[in-house]
1. Under a Cβ-only charge scheme (Lys and Arg +1, Asp and Glu -1), can you give me the dipole magnitude of the protein assembly as shown about the Cα centre, in debye to the nearest 20?
2. Based on the Kirkwood radius over alpha-carbon pairs, what is the Stokes-Einstein translational diffusion coefficient of region B:2-69 at 37 °C with 0.692 mPa s viscosity, in µm²/s?
3. Considering just Cα atoms, how many Å³ per residue does the convex hull of chain A enclose?
4. With +1 on each Lys and Arg Cβ and -1 on each Asp and Glu Cβ, and nothing else charged, work out how big the dipole of region B:1-144 is about its Cα centre, in Debye to the nearest 20.
5. State the antiparallel share, in %, of DSSP beta bridges confined to region B:76-397, rounding to the nearest 5.
6. In sequence order, what are the phi-derived ³J(HN,Hα) couplings for region B:256-265 according to the Karplus relation 6.51 cos²θ - 1.76 cosθ + 1.60 with θ = phi - 60°, rounded to whole Hz, with x for glycine and proline?
7. Per the Debye formula with a single identical scatterer at each Cα and no solvent contribution, what log10 I(q)/I(0) holds for the protein assembly as shown at q = 0.08 Å⁻¹?
8. What does the convex hull of the alpha-carbon atoms of region B:76-397 project to on average, in nm²?
There are 2 protein chains.
Amino acid sequence: MRDASDDGSYDLVLALGAGGLGDEGFTVAREGGTTTVTASGGRGLLYGLFHVVRLGEAAFTGAWALRTHRPALALRMLDHWDNVAVHPVMGQVERGYAGGSLFWDDGRARGDVERVRAYGRLLAACGINAVAVNNVNVHETEAHLLTDRIGEVALLADALRPYGIRTHLSVTFAAPVVLGGTATADPLDGAVRGWWSEATRRVYEAIPDFGGYVVKADSEGQPGPFAYGRSHADGANMLAAVLEPYGGTVHWRAFVYNHRQDWRDRTTDRARAAYDHFVPLDGAFAGNAVLQVKHGPMDFQVREPVSPLIGAMPRTRPAVELQVTQEYTGQQRHVCWLGPMWSEVLRFRPEDTSVGGLARGGLVAVSNVGDDPFWTGHPLAQANLYTFGRLAWRPDAEPGEVLDEWIGLTFPDAPARLADGLHAVLDGSWRSYEKYTAPLGVGFMVQPGHHYGPSVDGYEYSPWGTYHFADRDGIGVDRSVATGTGYAGQYGKPWSELYESPDTCPDELLLFFHHVPYGHVLKSGKTVIQHIYDTHFEGVEEVEEARAVWASLSGLMDPARHARVAERYEEQLRCAREWRDQVNSYFLRKSGVADARGRLIHL
Amino acid sequence: MRDASDDGSYDLVLALGAGGLGDEGFTVAREGGTTTVTASGGRGLLYGLFHVVRLGEAAFTGAWALRTHRPALALRMLDHWDNVAVHPVMGQVERGYAGGSLFWDDGRARGDVERVRAYGRLLAACGINAVAVNNVNVHETEAHLLTDRIGEVALLADALRPYGIRTHLSVTFAAPVVLGGTATADPLDGAVRGWWSEATRRVYEAIPDFGGYVVKADSEGQPGPFAYGRSHADGANMLAAVLEPYGGTVHWRAFVYNHRQDWRDRTTDRARAAYDHFVPLDGAFAGNAVLQVKHGPMDFQVREPVSPLIGAMPRTRPAVELQVTQEYTGQQRHVCWLGPMWSEVLRFRPEDTSVGGLARGGLVAVSNVGDDPFWTGHPLAQANLYTFGRLAWRPDAEPGEVLDEWIGLTFPDAPARLADGLHAVLDGSWRSYEKYTAPLGVGFMVQPGHHYGPSVDGYEYSPWGTYHFADRDGIGVDRSVATGTGYAGQYGKPWSELYESPDTCPDELLLFFHHVPYGHVLKSGKTVIQHIYDTHFEGVEEVEEARAVWASLSGLMDPARHARVAERYEEQLRCAREWRDQVNSYFLRKSGVADARGRLIHL
């Protein structure tokens, strides 16, 4: 790095100086054989350097005028659902499919700082600038990270800091009771606030640039302000107040719903819950409180409408939460590149919001990284991590271009056949996965608990609020205002009107919004039942084709990497066939309607 | 105890002397104010003494001629599915619902010999004379009981011996490999046989009256002779040979089936498996090998036909295996007294068998006892333990009389209102349970894994071979010879003919043997669908009535015991309602047939 006034006898110059781009923006220009990156500080230069790496040879060719780059979203965060102690059911990493945790091992910090540093570099290359180092479900061992084990978090923060990454901690709302022995965790109680204030002071003593707290409160059994008759704004603001002097932020998750629902009661709708809970609180949250909202109203299904909450709180800082770890999308045994789905979410414009609204909060995702040699278990799942980071930087990026960027960086000097093959197997993989799993936006139909593989009725009579209501005549959830749960009315126009009627509702979300007969004709011209059969046969065929493409790439890359993916394709194909056969048999048995094309559906 | 020639100035005389009754039989007589029990040794006198206890005051009233008692079955055994080390999924006791194990605690022997002695006394009072002290699924820790940890088994054997109980051990067929480091566990290999021979010699050094080995081989992932191209007779006989010099027995379980079945393949029938595997081996098993056969062809469902294997191997010693622990029958949270079911099994007469045939092997059950203060978790589940023991002694006993015996012994001096109430809540409980769970013998419909609570399709598309094949038109498994899997043909006449046709098949087994339309009219005059609705409403009503009877018994017993049962009735009722509603909704959605009586069935 040199001062910008030097003479230009270098190929690459990283220069301090440019103002007005914030601490992450940078400019790049090339003139007189020198490529110059300019930024106001180290973080901007770091991103500029990775930009040059992405450009590759093009960065050092010809001459071009100054270009300015800055992230659209200030917060680009990964939440690790890593447990410190191995959870008896969820294991070391909740919903983790990439081996163990990078940070924790059976109750202790791993102490492998080199790997954490390498991870920081990887994240910086993707554009990610914040990490939460433990699971939002905070169990007993993990609670202590906030107090007597903050030193272990500080070591992680030290390793990540050089890569522009601020460290966050998931905390339990009951921490004052659990750790401090107070009688209550009431957010309006002076002693509680005092306890948090002192705990936070010590956190910042250990980690001066600590990012803040992530809180899952009153959700799936986690403690929260409801126990004390307080609102979620009361809860979040108490933590925001103790973080404020240090520049910290509280990330308050909006994933609040009744997980002990009665399946007999069709008036309760889990999809409504986040909106119903939080919209009345718009304007009540502190400026350094971020409301972290899952991108859909349910739970990271392969297809959901965009959560109406995101656009419905103009006086709140919402962050959109994505799931890079493939809990419901093949668990890194299936290729399922989620770029197109996330891009649809990020381009969705509810009536009253704008890019600016989204950017105030940021983009957060659940990490898919572990201690696996390939980082993400499935080598191709790295594309999801990279795409997430790049979309967080630039939400309107073309996902296909980001994919090619990842291919170029991960397989440098790849011949066209390899690059094309990688693009082919990844680009359509999300739609293939959608085809062979739950149809037309109805969701779930997964094995309860671990969420891998099909079980059409697996959640149908459960307390989780995730139903499809299939009977012998039809299927789907009526969420219309006129005759259903009213969820469609949580959107602004034109969406509320579009979703309200099965005639205007997009095909891919039809069963999310409507209960229709199997003979209902989609915009595609097919009946619902024939669509189910066709997509399930097609989805499997597409996996077979992708597997063949992959086989043809043998010899064009490291054999271990090729073998790992090839092996996972076998499992993906087995599982896709299981999905196809279970879903088709289930609906044939129930509807009695034969496949129009006479293919084999087991009775 | 005195010599039989003494003068009779005692109320009770236990005398050695009677011959020809075996070592467990005894006589009782009363003359001149003295009740005299005579037997050939300690075990007979022990049973005689408990007989006197059962008689109560009647034992010391009037005068009566000599009566002879001896067990119909020589082997009356309880298998404990207790793990030494806590299994990550199955816990300390596999399918245990009564707290921890009496024998093991988190990897070690409990060392509570007093409790084991008390347990021995309890079992002797029930008439049980053999116990296997560890799970048939033998994991790594448990394998060592056979060798370096045999001393811990010997301590249990020492505690149980005074109560006439011989101790058995479940062993892994792979023991020579796992423990001895041999290259193979091939039963025809000389070194393997040598290893077993030496191991067995050491076992008998530690436990001179050791009962023998229990083996689950080639079943649900356990190792077995199939790996070496050997038959189950080869496997069993090798172990029989090494046990033979010491008078030991090998208990070889017939629970062999393909647990990775393809649900798409309707020609494979798990119900056929035990018969198909073992009948060709009739006559090939050694004299001290017992083939342990589950009472039904599937897995301890609330209603199954009697296994055709039991009567089909006249030259083999079969033992019938029951499940006292309530895996599929309410897990000791529901009252489900199984006496009537077991009595039906024991009275069933396949064409070519007799009581004598059954008695050669004996009766074995999976224990329902743990370290719970009430022994069996649910205090009323003790009735199952007692009834099992008494039916093993006398398979043709009237179960209702055995029940009253248990009531009298467990609640001595109970007023008639209490005794009647206990009888009322227990006597019909099995049929109530059957009513609100899976209908007409079709079985399963339980939550996968833990097997508690309803999930109609829970096993429908699984590899476990346990299907109901419900579609919009009908339900059931066609196991006829003419059009189905042929399972009905495994029975001798008249059963094969009776089961072959839906017209003659008993209602309660109809869906086990036949796939019929929902409109099929049962012998009861009801359609299948109306039967499903009616029994599910009735089953819940019967639980409500039983709960009310139980409430009325408050004050007539120890409050802690009353409260424990009352609390479990709440859970039973909640769960029974869940069964009713899920089953009824499932079939209403699928069949479209409304309840003839217009009761509430949720859509």
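1. Result for the protein assembly as shown is approximately 320 debye, rounded to the nearest 20.
2. Details: Rh = 11.6 Å.
Here the translational diffusion coefficient equals 283 µm²/s.
3. Values: hull volume 95.1 nm³, N = 603.
Each residue corresponds to 158 Å³ of Cα convex hull volume.
4. Details: 13 positive and 17 negative charges, 58 e Å.
I would put it at about 280 debye.
5. Details: 4 of 35 bridges.
Here the share of antiparallel DSSP bridges comes out near 10 percent.
6. 10, 7, 7, 8, 10, 6, 9, 4, 6, 8
7. So the normalised log intensities are -1.02.
8. Numbers: hull surface 62.2 nm².
For the Cα atoms of region B:76-397, the hull's average projected area reads 15.6 nm².
Readers should treat all values here as calculations from the given coordinates under stated rules, not as data from a laboratory. Here the structure is a predicted model, which means the values were calculated and not measured. Virtual Cβ from ideal backbone geometry, glycine too; neighbours counted across all protein chains shown.
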